[in-house]
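Novice: This is the structure I want to talk about, given as structure tokens.
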Amino acid sequence: MKKSSRLVRSLLLALVVLVSACVPRATPTPQPATEAAPVAEENVLNIYNWDDYMDETLLTDFEEEYGITINYSTYLSNEELIDVLLAGPVEYDLVVPSDYAVAILRSESKFGSLDKANIPNFDNIDPAFLNPVYDPGNRYCIPYQWGTTGIGYNIKATGRELKGWSDVFDPAFAGRVSFLEEPRESFAAILLYLGYSPNTTNPIEINAAAEFLKSHADFIATYAPDTGQDLLASGEVDIALEYSGDIFQIMAENPDIRYVIPQEGTMIWSDSLCLLATAPHKENAEKFMNYLLEPEVGAALSNYLRYATPNQAALPFLNEEDRNHPGLYPSEEVRSRMFFFADVGAAGQLYEDAWNDVMANRGQ
Ligand code: SPD
């Protein structure tokens, strides 16, 4: 609901209270108890999602089919989403955090329980994506898309194929690389390169990753907030640490762009569509979740975004090239070198301090 309509509603309510206080009361006649009529939800849905993470024609189709108007806005990182939700009341119904961010927001009681009876297409979800550790029983969220974090590059500029993190730090590419302005992602790349767990809580290892980034400040042209693909597409950088689908999206326009899953290992992640505890339009939110889980709709979303779908009923409707693409759906062997982010608990502060140190010493 818009703030202005809320204000008008509050003023009307205040007026009714004032008027009834001034009118002399007749002796109340006992009335039979009646149940309060349920208040109908307004035909609105407020979605807050990552940048470049929606096929907007699907939003229009949903609006037309259900007569519900969608207000859609975007953010650039899990940290931005978390900050907004922790800062105070919001009007959003649905948000799209990644795995570890779900855990953080759940511990802050930010989510509302789903009524699965309203989401019959829940059965279309691949069981491998159900019941994740960060949301046992899928109480609050459904899986949205999944993918990997890897290296996007322009082969014309690099002059050779890249295989892993060590290639990124070839002196020939100094100053031509973008990293992500998402602390866990940028640290994970370096922790893996140094042979540590990307979920380490060991202060020595976290500091080693920070020292590495500081001592390679001249390699990293910028820490991009989920926009590394744009920098790569425009030639501002030749190599970008980025999310798989964002790089696959720009390949369509430039055949020189490549995406590699680093041989030393990398991050695999699953983003979730979650209902907020304060959602003003819970029923509409559940209708939208059910809509996205329809086989054709789920496939249309992944065909557009070029991220992998957790909707197994959607698989037959995917573009064949994507369904069989090892960069989008990596083999079991490649997946065995991938890690999901874990909530690192109190060590989150160590990452935050180390990140602030890196940001204060970056070479931009
Ligand atoms: N532009 C959309 C990017 C969505 C990436 N989500 C994954 C984040 C993993 N930390």
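Novice: Looking at region 73-97 only, could you name the residues that are hydroxyl-bearing (Ser, Thr, Tyr) and either at positive phi or at pLDDT 95 or above (or both)?
Specialist: Filtering region 73-97 for residues hydroxyl-bearing (Ser, Thr, Tyr) gives 73-75, 77, 92.
The answer is Ser73, Thr74, Tyr75, Tyr92.
Novice: Next question. Just to be sure I understand, how many residues within region 89-101 are open to solvent by 10 Å² or more (accessible area, probe 1.4 Å) and of a type in the set (D, E, K, R)?
Specialist: Looking only at that region, the number is 1.
Residue-wise test of (1) within 14 Å of the ligand (Cβ to nearest atom); (2) modelled with pLDDT of 95 or more; (3) of a type in the set (Ser, Thr, Tyr); (4) under 27 Å from Leu94 (Cβ atoms).
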{"residue": "Ser244", "(1), (2), (3), (4)": "yes, yes, yes, yes"}
{"residue": "Ile257", "(1), (2), (3), (4)": "no, yes, no, no"}
{"residue": "Cys274", "(1), (2), (3), (4)": "yes, yes, no, yes"}
{"residue": "Phe288", "(1), (2), (3), (4)": "no, yes, no, yes"}
{"residue": "Leu305", "(1), (2), (3), (4)": "yes, yes, no, yes"}
{"residue": "Ser336", "(1), (2), (3), (4)": "no, no, yes, no"}
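Novice: Only one of these conditions is not met by Arg184: (1) modelled with pLDDT under 95; (2) surrounded by fewer than 21 Cβ atoms within 10 Å (Cβ to Cβ); (3) not assigned by TED's automatic domain parsing to the domain that holds Ala285. Which number is it?
Specialist: It fails just one condition, (2).
Novice: Also: I need the full set of residues from region 104-132 which are more than 17 Å from Asp83 (Cβ to Cβ) and either within 16 Å of the ligand (Cβ to nearest atom) or outside the structural domain of Ala87 (by TED's automatic domain parsing) (or both), in order please.
Specialist: Listed by number, the residues that qualify are Phe129, Pro132.
Novice: Also, quick follow-up: Based on what the data block shows, is Glu296 more than 16 Å from the ligand (Cβ to nearest atom) and outside the structural domain of Asp135 (by TED's automatic domain parsing)?
Specialist: Values: more than 16 Å from the ligand (Cβ to nearest atom): yes; outside the structural domain of Asp135 (by TED's automatic domain parsing): no.
Spelling it out, it is not the case that Glu296 is more than 16 Å from the ligand (Cβ to nearest atom) and outside the structural domain of Asp135 (by TED's automatic domain parsing).
Novice: Also, quick follow-up: Can you list residue pairs whose Cβ atoms sit under 6 Å apart, with the first residue in region 262-287 being at positive phi and the second being part of a helix (DSSP H, G or I) and buried (at least 21 other Cβ atoms within 10 Å of the Cβ)? Count only pairs 6 or more apart in sequence or on different chains.
Specialist: Qualifying pairs under 6 Å: Gly265/Leu192.
Novice: Follow-up. Tell me yes or no: at least one residue of region 139-161 is outside any strand (DSSP E or B), more than 24 Å from Asn303 (Cβ to Cβ), within 16 Å of the ligand (Cβ to nearest atom) and open to solvent by 20 Å² or more (accessible area, probe 1.4 Å).
Specialist: As a first pass, look at region 139-161 and keep what is outside any strand (DSSP E or B): 139-140, 155-161.
Then drop every residue that is not more than 24 Å from Asn303 (Cβ to Cβ), which leaves 139-140, 155-161.
With the extra rule that they be within 16 Å of the ligand (Cβ to nearest atom), the set shrinks to none.
No, because not a single residue in region 139-161 is outside any strand (DSSP E or B), more than 24 Å from Asn303 (Cβ to Cβ), within 16 Å of the ligand (Cβ to nearest atom) and open to solvent by 20 Å² or more (accessible area, probe 1.4 Å).
Novice: What about Gln229, is it in a helix (DSSP H, G or I), in contact with an Asp or Glu (Cβ under 6 Å, 6 or more places away or on another chain) and open to solvent by less than 60 Å² (accessible area, probe 1.4 Å)? Don't jump to the end; show me each part of the working.
Specialist: On the way: in a helix (DSSP H, G or I): yes; in contact with an Asp or Glu (Cβ under 6 Å, 6 or more places away or on another chain): yes; open to solvent by less than 60 Å² (accessible area, probe 1.4 Å): yes.
It is true that Gln229 is in a helix (DSSP H, G or I), in contact with an Asp or Glu (Cβ under 6 Å, 6 or more places away or on another chain) and open to solvent by less than 60 Å² (accessible area, probe 1.4 Å).
Novice: On to the next question. Taking region 188-209, which residues are hydrophobic (A, V, I, L, M, F, W, C) and over 14 Å from Gly265 (Cβ atoms)? Working first, answer last.
Specialist: Of the residues in region 188-209, the ones hydrophobic (A, V, I, L, M, F, W, C) are 188-192, 194, 204, 206, 208-209.
Once the filter is applied, which keeps residues that are hydrophobic (A, V, I, L, M, F, W, C) and over 14 Å from Gly265 (Cβ atoms), region 188-209 yields Ile204, Ile206, Ala208, Ala209.
Novice: Hey, does region 164-178 have a residue that's closer than 30 Å to Val344 by Cα, within 19 Å of the chain's Cα centre (by Cα) and within 16 Å of the ligand (Cβ to nearest atom)?
Specialist: Looking only at region 164-178, we keep the residues that are closer than 30 Å to Val344 by Cα, and these are 164-169, 177-178.
In the following step, the residues that additionally are within 19 Å of the chain's Cα centre (by Cα) were identified as none.
Scanning region 164-178 turns up no residue that is closer than 30 Å to Val344 by Cα, within 19 Å of the chain's Cα centre (by Cα) and within 16 Å of the ligand (Cβ to nearest atom).
Novice: To continue, here is another question. Just checking, does region 102-120 include any residue being within 30 Å of Phe212 (Cα to Cα), open to solvent by 10 Å² or more (accessible area, probe 1.4 Å) and out of contact with any Ser or Thr (no Cβ under 6 Å at 6 or more places or on another chain)?
Specialist: yes
Novice: Please find, within region 72-103, the residue that is farthest from the ligand (Cβ to nearest atom) out of those that are among the small types (Gly, Ala, Ser) and either more than 22 Å from Phe340 (Cα to Cα) or not in a strand (DSSP E or B) (or both).
Specialist: The first filter runs over region 72-103 and keeps only residues among the small types (Gly, Ala, Ser), leaving 73, 77, 87-88, 98, 101, 103.
Subsequent filtering for residues that are either more than 22 Å from Phe340 (Cα to Cα) or not in a strand (DSSP E or B) (or both) retains 73, 77, 87-88, 101, 103.
Details: Ser73: 14, Ser77: 8, Ala87: 21, Gly88: 24, Ala101: 8, Ala103: 13 Å.
So, considering only residues that are among the small types (Gly, Ala, Ser) and either more than 22 Å from Phe340 (Cα to Cα) or not in a strand (DSSP E or B) (or both), the one farthest from the ligand (Cβ to nearest atom) is Gly88.
Novice: A further question follows. How many of the residues in region 210-226 are assigned to a helix (DSSP H, G or I) and without any contact (Cβ under 8 Å) to a residue 60 or more places away in the chain? Walk me through it before giving the result.
Specialist: Our first condition is that a residue be assigned to a helix (DSSP H, G or I); within region 210-226, this holds for 210-215.
Within this subset, residues satisfying the condition of being without any contact (Cβ under 8 Å) to a residue 60 or more places away in the chain are 211-212, 215.
Number satisfying all stated conditions: 3.
The values are calculated or read from the model by the stated rules, or taken from the named source; none is laboratory data. Quantities reported herein were computed from a predicted structural model and do not represent experimental measurements. For neighbour counting, all protein chains shown are included, and Cβ atoms are generated from backbone atoms with ideal geometry for every residue, glycine included. Surface areas here come from the heavy atoms of the whole protein model, side chains and all, with no ligands, DNA or RNA. Shrake-Rupley method; radii C 1.70, N 1.55, O 1.52, S 1.80 Å.
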